[in-house]
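Here the structure comes first, spelled out in structure tokens, and everything after it is commentary.
Laboratory data are not the source of any read-out in this text; all were calculated from the coordinates shown. It should be emphasised that the depicted structure is a prediction, and the values quoted were computed from it without experimental measurement. Cβ: placed from backbone, ideal geometry, glycine included. Neighbour counts: every protein chain shown.
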Amino acid sequence: MSSHIELAEGAAGLQPGEWVWAPQIAADGPVTVLVDLTSQLATVYRNGVAIGISSVSTGKPGHETPTGVFQILQKDADHRSSTYNNAPMPYQERLTWDGVALHAGGLPGYPESHGCVHLPYAFAKELFQITSMGGTVVVTGRAGDPVTHPVGGVLAPIDDLGNAAQHHALSAEEQWEWNHQVPDAGPLSIIISTTDQRVVVMRSGQEVGRARAEIDGFMGAHVATLHVSADGARHWMLIGVPGHEDEAGRELDAAALNRLRLPEGFRTMLNDRIGEGTTVLVTSASVGAHNSGKQMTLMAAND
């Protein structure tokens, strides 16, 4: 497991069988999985934020894994193949009724399955525990093509229905924006990019707001969640994510929050909506429009 929380950067160094996993980054919200055949990587997003990346092995020539948008049709932790000699398929999550699934399997570093997406055993187990029936899995890319850059990023390029997510940069004149079309219900995640000097707010996998910010003094990656005491006082409690395990249970210094300067209107919108369980991720990774990956053409499996 990587000590990096900068998952998009950490994925570049993954070897066959390796994975990064930090579900604390987004403790709640819809889960979507993006499988990139080109890079042989799977990226897991919860509430629109990356929480894990894993090496995979997909279909070999003649048994290519189909591309498209799929829903999880069946889950079986102890599944065995009815086609290939009762072969074990631990933590199987079925994508098609003709045999394509996510499951733990061999990871030689190249496509070698009969169409399924092979995952490391421990990663498959972790993923199995957070997905639900009907969850969205998008398969894109083409095995064997040159890898120019990973498709995945800190923000999901897809929503929980498999459609392209709407992430876009602020114009030169804009200091902030807020999408009132997104209902005020569901988990809230706040991503602070020290590189971009931007704050992005996600709710239920959708981008709600984005603002320019002045961010001083934050180093590395940190995750905190909001707890509200009986007297109504707010406490941002740090989570011991990989690389910062010593922070677990500590309260975020109020002075650190004072170093985050936001446009007044955006701060007001945010303060009115944050509540118990709101998660904050501080990262050096970019949250620009390009961060969500290159534009993709998604094809149905039978096209």
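Rounded to the nearest 0.05, what FRET efficiency is calculated for LEU257 and SER284 with R0 set to 25 Å and r the Cβ-Cβ distance? That gives a FRET efficiency of 0.85. Per-residue packing, averaged as other Cβ atoms within 10 Å, sorts the ranges 42-52, 261-271, 91-101 into the order 42-52, 91-101, 261-271, beginning with the highest.
Among GLN181, GLN40, GLN71, the largest mean-square fluctuation in a Gaussian network model of the chain (Cα springs under 10 Å) belongs to GLN181.
Converting phi to 3J(HN,Hα) with the Karplus coefficients 6.51, -1.76 and 1.60 and the offset θ = phi - 60°, the stretch 38-43 yields 5, 8, 6, 9, 10, 10 Hz in sequence order, with x at every glycine or proline. Using alpha carbons only, the radius of gyration of the chain set against its Kirkwood radius gives Rg/Rh = 0.99.
Taking all Cα pairs closer than 8 Å and separated by 6 or more residues, the relative contact order of the stretch 31-144 comes to 35 percent.
Relative to one another, the C-alpha centroids of the stretch 45-107 and the stretch 214-238 are positioned 37 Å apart.
Per the Debye calculation on the stretch 127-202 with a single equal scatterer at every Cα and no solvent contribution, log₁₀ I(q)/I(0) for q = 0.12, 0.22, 0.24 Å⁻¹ amounts to -0.52, -1.33, -1.41. The alpha carbon radius of gyration of the stretch 200-271, expressed as a multiple of 2.2 N^0.38 Å, is 1.22.
Using the rule -39500 (n - 2.57) for each DSSP H run of four or more residues, divided by the residues of the chain, the 222 nm mean residue ellipticity is -2000 deg cm²/dmol.
Summing charges over all other residues whose Cβ lies under 15 Å from the Cβ of TRP97, with Lys and Arg as +1 and Asp and Glu as -1, gives -1.
Put simply, the convex hull of the Cα atoms in the stretch 2-139 casts, on average, a shadow of 7.5 nm². Please determine, in degrees from 0 to 90 and to the nearest 10, the orientation of helix 121-130 with respect to the longest principal axis defined by the Cα atoms of the chain, where the helix direction is its Cα long axis. Computed tilt is about 60 degrees. Applying the criteria of a DSSP loop state and at most 16 other Cβ atoms within 10 Å to the chymotrypsin sites (Phe, Trp or Tyr not before Pro) of the stretch 163-235 yields PHE218.
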